[in-house]
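Taking it in order: structure first as structure tokens, then the write-up.
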Amino acid sequence: MSKRKFNVVNKPLRKIDAMTLALGKPSYVGDFKPNDALIIKMLGSPHAHARITSIDISEAEKMPGVHCVLYYGNVPRIVHTTAGQGYPEPSPYDTFMFDSKMRFVGDRVAAVAAETEKIAEAALKVIRVEYEVLPPVLRIQDAMKDGAPIVHDEPEARAVIPVPYEPKKNMAAQVDMEIGELEKGLAEADEVVDFQYYNHYGQHCPIEPHVSMAHVDRENRIIITTSTQVPFHCRRIVAQTLDIPVRQVRVIKPRIGGGFGVKQEIVLEDVVAMMALRTKRPVYWEYTRAEEFVSSRTRHPMLMRLRMGAKKDGTITGIGLDCLSNTGWNGSQGLTVVCNSGSKMLPLYRCDNIHFNGTVVYTNLPAGGAYRGYGATQAAFAFESAMDEMADKIGMDPLEFRSMNHIKSGDTSPVFRALGEGREGVDQAITSCELARCIKAGAREIGWKRRKPHTAKKGRYRRGMGMACLMQGSAIPEIDMGAATLKMNEDGSFNLLMGATDLGTGSDTVLAQIAAEQLGTTLDQIIVYSSDTDMTPFDVGAYASSTTYLSGQAVQNVAQKVRKQILKVGADMLDCKASELTVEDAKVIKKQGGGEVSFSEIALHSMYSSNQFQIGDISSKIVHHSPPPFAAHFAEVEVDTLTGAVRVIKYVAAADCGTPIHPKLAEGQVEGAVMNGICYALTEEYLFNDKGRMLNPNFGDYKLYTMSDLPEMKTILVPSYEKTGPYGAKSIAEIGINGPLPAIANAIHNACGARIRTGPFTAEKVWRSLQAGGELPFEEGH
Amino acid sequence: MNYIDFKSPTGLAEARSMLKELGDRASPVAGSTLHVFLRDESPKVAVDILRLGLSGIRLMNGEYHIGATTTVSDLLEHRQPGWVLDRVAKAFVTQPIRNMATIGGSAVRVFPWSDLPIALLALNADLVITGDDERVMAAPKFFETQPFHHLQPGDLLTSVRVPALGAGQGFAYHKDRRTSTDFSRCTVAAWLALEEGRIADVRIAVGAAVPMPRRMEAAEEALKGARPGPAAFAKAVEAGIDTLRWKGLHGISDEFARHLASVLIVDVLTQAHEEAKGA
């Protein structure tokens, strides 16, 4: 529970950019496109796996209006990762700006910069390419078979941190962990479940696709304006890829039209930077929706085996989770995503015998990347489906089974130390957990007491309820760092400069609230600028559910320092000790009464009158914990047993995110994530042909829910107070997406007895399962 | 589409004359919502047909005369006895599209997901083509092939005539889709008339899961004279289902498309029967 009353935080104030965005004022990269910008277009590979045997760009180069054509023959060959992660990156170096080897349908062949889009597209058509077509790897299970085609046979491919990496076997990463002894745990069990589950491809579908532009300034520096979640990683990786110093690159992030993880990746920026350098003209590149689906990043599909043993009394004796993850054509985020599959779900239930294996394989399909949930989404499906399957076996209510086993405040788990982000993790005890209250509140809202077994249901349309418990993390402990600069202006306002990246979540508002609360002023007095690698201090960026918890602490720390400076100046002006003063309503006041000075007077005094100095400071923060937010999700569905169609009637998400700094934004994060998860569970599906070409890379055929599809949804924020977080806050942005897949799978089973273990839960799968008596032979999907 | 010019005639004769003169280079344009799906890159002159006075819905002698440029929104909002196209218009993607799309455009060029042709087949609509002469084509003939093939340069589909639903008659329409904005995976419509508790006449039409919208005549024949009910409907579907070639769209198998159609046809027959009974 919240321990104190707040003035600015924990209040649903107007978002600081709300009016700007609502009025459609220029905010996004595309709004700032210079009129004279050259347009970039990319020629994509028609083959999933091939080697270019010859390429002729001469006709394209000669075309009027074409300024530059890039291909593997005229750019530096520097191996790198596209993953926007801390240095040294846990993702393998396996990518080049351009290569003669094609690894997926859509892979970069050549890029053209031209006066218009039409000219650029015409130029692509006259580039002559001949390919030696190679057999592709299109299924996870085929990737590591003897004799499988090798996706990365180039000598440069390597891991930069000491982790298993065997590209000759198409293995991009591997992690293995055992606590206790799984086999012993399973032997002690009264019942064992052992099933395979498959999480399918999914795309983030930001309304604003990847978009970047660049120009070269008079000092020959490359200025990149880009829709990115990781401006500082972007700067570092672009410099590395172009073989130029970091100081030659500046990255500016304006507003982002949605990211969800897909913009934690350097997808366009290397090419726009190189084009700007070569042409000395502003250049602009925006992905089409088809390119966004195929050439940006996706959720890593995973084939999972979940083994669980339990006693009849509900004690879990062993848990084994094996994840075979498809990272596609490059290994971006592959290791850390699969680590999260273990580290974000295995501590959720108490168990002494746990085994986890995560193996990441290359295929000739679109690349996985960071996506909201980041591996936990995949594992939650297997884990929480298996919890229901076990509850059925031992004859317990799934809610009771979860309630008696889930982690609680004061508990720890050896998994926290055993599994970090690509390396060993950090010991931590749970200091805030209101999962029990989440379960209770969610069960009450959905009407769990009405739940009956599927065997008691009759008729064509049958309703059922399912649930799932979830946990995530808040930032990456001992790895990620955020920083903030704060300075005071003459009118008592403050500039808050942050590397933290608001990708549409409202984090600029949340962080400004933290600063205002600490400074004793109002939200409108905080002028936020984020992020610009020349102007704002370093921050790893917006990922790993870190912004509120990590960057929020950096802001809180710098605001504390500035508050001290303000009090010191106030003491000088009021002729008393700083300890006799406090801040309130943008004023320094004597605690005992009898004197006050406004922030404006303090700023003017410090700037112009005596002991002149700029009130301001910078603060960095690295966190030592990653306190999990917790959630209990409940779904009620209706299944048409004749057609297999599934309709979500109601969805309840009860979440403990500590103190919600901005409750409305926190609710919005949960609602958005749940919507995102529901359509991932039911309708989103990559369809490929047998050559690895995606057949539905557009919103007409790849179906997302719109507001008119929204089921009744209820979000319940169950407050706790996380003592290590800013004003008791933990994260909230990712956890919500992890629930719909298992909660809906469990609800379908409860409705009609069909157990679906491969996403998405299409009508045809449900119908076929019912035809087969509730169980289908397991099949790897896409 | 590659438009090089735009013409805006204000009368039918002027429009027809322009279309005739331009021949293959002309593209009649009303709501334009289908143009995004057309892949013809040859230079075209867009001829706006929205100002020809072809919009509006009138009831004459038990038949609705619907101008070809009447928007789907208008179909949705219209209320008069025996009017049923609002049920179809409701399933027609989103309001912004309904505001632009016209009944004529939806009829002239058929896509696998088209909504209106299936309803027009079930309702046995007549389609009026104005050329040098006025021709009236019954829906089954009109949709036998891509309807624009019936049009010579200068011809325009000018109106659609749909019988008003009478006493003892029922109509139902269903479009199966994953989301409210989705293309159809299977669309079915049924119209039936009861006399003395038996099916005097019936029409069943399907689309999306078949290459072109079609009537399921074998099922209709099986139902004529029969007492309506679940058993009769199921038997009729059995008689007709394999007379058409089923094609799964959007990731579903052909087998499931066939199954889906068989379930949904029974559903629309049941609903149409309920309406015909006056339930």
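Out of the residues in region B:37-56 that are touching a Ser or Thr at 6+ places or on another chain (Cβ under 6 Å) and in a strand (DSSP E or B), which is farthest from B:M100 (Cα to Cα)?
Among them, the one singled out is B:K44.
Assuming A:Y686 fulfils every condition listed in (1) facing another protein chain (nearest Cβ under 10 Å); (2) assigned to a strand (DSSP E or B) apart from one, which condition is it?
Just one mismatch for A:Y686, condition (2).
Being assigned to a strand (DSSP E or B), within 25 Å of A:G420 (Cβ to Cβ) and touching a strand residue (DSSP E or B) at 6+ places or on another chain (Cβ under 6 Å) is true for just one of A:A655, A:A554. Which residue is that?
Numbers: A:A554 fails: assigned to a strand (DSSP E or B).
Only one candidate passes the filter, namely A:A655.
Residue-by-condition table, conditions (1) in contact with a Ser or Thr (Cβ under 6 Å, 6 or more places away or on another chain); (2) farther than 20 Å from A:G504 by Cα; (3) free of Cβ contacts under 8 Å to residues at least 12 places away in the same chain; (4) in a loop (DSSP other than H, G, I, E, B):
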residue: A:T225; (1), (2), (3), (4): no, no, no, no
residue: A:Q229; (1), (2), (3), (4): yes, no, no, yes
residue: A:C234; (1), (2), (3), (4): yes, no, no, no
residue: A:A239; (1), (2), (3), (4): no, yes, yes, no
residue: A:G258; (1), (2), (3), (4): no, no, no, yes
residue: A:V262; (1), (2), (3), (4): yes, no, no, yes
residue: A:D270; (1), (2), (3), (4): yes, yes, no, no
residue: A:M275; (1), (2), (3), (4): no, yes, no, no
residue: A:R278; (1), (2), (3), (4): no, yes, no, no
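Inspect all residues belonging to region B:218-241 and state whether any of them is in contact (Cβ under 8 Å) with a residue 60 or more places away in the chain, surrounded by fewer than 22 Cβ atoms within 10 Å (Cβ to Cβ) and part of a loop (DSSP other than H, G, I, E, B).
There is no residue in region B:218-241 that is in contact (Cβ under 8 Å) with a residue 60 or more places away in the chain, surrounded by fewer than 22 Cβ atoms within 10 Å (Cβ to Cβ) and part of a loop (DSSP other than H, G, I, E, B).
Take A:K691 and decide whether it is over 28 Å from A:Q472 (Cα atoms), of a type outside the set (A, V, I, L, M) and away from chain B (no Cβ under 14 Å). So that I can check it myself, show each step before the final result.
Working: over 28 Å from A:Q472 (Cα atoms): yes; of a type outside the set (A, V, I, L, M): yes; away from chain B (no Cβ under 14 Å): yes.
When the stated conditions are applied, A:K691 passes them.
If you take the residues in region A:360-398 that are crowded, with 24+ Cβ neighbours inside 10 Å and charged (D, E, K, R), which one is nearest to A:Q196 (Cα to Cα)?
Here the residue is A:E384.
Please state which one of B:V188, B:V206, B:V202 is assigned to a strand (DSSP E or B), crowded, with 24+ Cβ neighbours inside 10 Å and within 14 Å of chain A (Cβ to nearest Cβ).
B:V188
Examine region A:739-750 for a residue that is more than 14 Å from every other protein chain (Cβ to nearest Cβ), closer than 25 Å to A:Y197 by Cα and over 28 Å from the mean Cα position of the chain (by Cα), and state whether such a residue exists.
Looking through region A:739-750, at least one residue is more than 14 Å from every other protein chain (Cβ to nearest Cβ), closer than 25 Å to A:Y197 by Cα and over 28 Å from the mean Cα position of the chain (by Cα).
Right, A:F778: more than 13 Å from every other protein chain (Cβ to nearest Cβ), surrounded by fewer than 19 Cβ atoms within 10 Å (Cβ to Cβ), in contact (Cβ under 8 Å) with a residue 24 or more places away in the chain and among the aromatic types (F, W, Y) or not?
Numbers: more than 13 Å from every other protein chain (Cβ to nearest Cβ): yes; surrounded by fewer than 19 Cβ atoms within 10 Å (Cβ to Cβ): yes; in contact (Cβ under 8 Å) with a residue 24 or more places away in the chain: yes; among the aromatic types (F, W, Y): yes.
Spelling it out, A:F778 is indeed more than 13 Å from every other protein chain (Cβ to nearest Cβ), surrounded by fewer than 19 Cβ atoms within 10 Å (Cβ to Cβ), in contact (Cβ under 8 Å) with a residue 24 or more places away in the chain and among the aromatic types (F, W, Y).
Looking at (1) surrounded by fewer than 24 Cβ atoms within 10 Å (Cβ to Cβ); (2) at pLDDT 95 or above; (3) under 15 Å from B:A107 (Cα atoms), can you tell me which one B:F148 breaks?
(2)
Looking at (1) among the aliphatic types (A, V, I, L, M); (2) over 26 Å from the mean Cα position of the chain (by Cα); (3) part of a helix (DSSP H, G or I), can you tell me which one B:I4 breaks?
Going through (1) among the aliphatic types (A, V, I, L, M); (2) over 26 Å from the mean Cα position of the chain (by Cα); (3) part of a helix (DSSP H, G or I) one by one, B:I4 breaks only (3).
Looking at A:T724, A:T762, which one is in contact (Cβ under 8 Å) with a residue 40 or more places away in the chain, of a type in the set (S, T, N, Q), farther than 20 Å from A:K664 by Cα and within 14 Å of chain B (Cβ to nearest Cβ)?
A:T762
When the residues of region A:668-683 are narrowed to those that are surrounded by fewer than 24 Cβ atoms within 10 Å (Cβ to Cβ) and more than 17 Å from A:V652 (Cβ to Cβ), which ends up nearest to the other protein chains (Cβ to nearest Cβ)?
Looking at the filtered set, the residue picked out is A:T683.
Are any residues in region A:70-110 within 19 Å of A:A239 (Cα to Cα) and assigned to a strand (DSSP E or B), and if so, which ones?
Narrowing region A:70-110 to residues within 19 Å of A:A239 (Cα to Cα): A:70-72, A:74-99.
Within region A:70-110, A:L70, A:Y71, A:H80, A:A83, A:Y93, A:T95 qualify.
For region A:558-578, give me the residue count where each residue is without any contact (Cβ under 8 Å) to a residue 24 or more places away in the chain and closer than 24 Å to A:I514 by Cβ.
Qualifying residue count for the region: 4.
The values are calculated or read from the model by the stated rules, or taken from the named source; none is laboratory data. Bear in mind the structure is a predicted one, so any value in this text is a computation, not a measurement. Cβ sites come from the backbone with ideal geometry, for glycine too, and all protein chains shown count toward neighbours.
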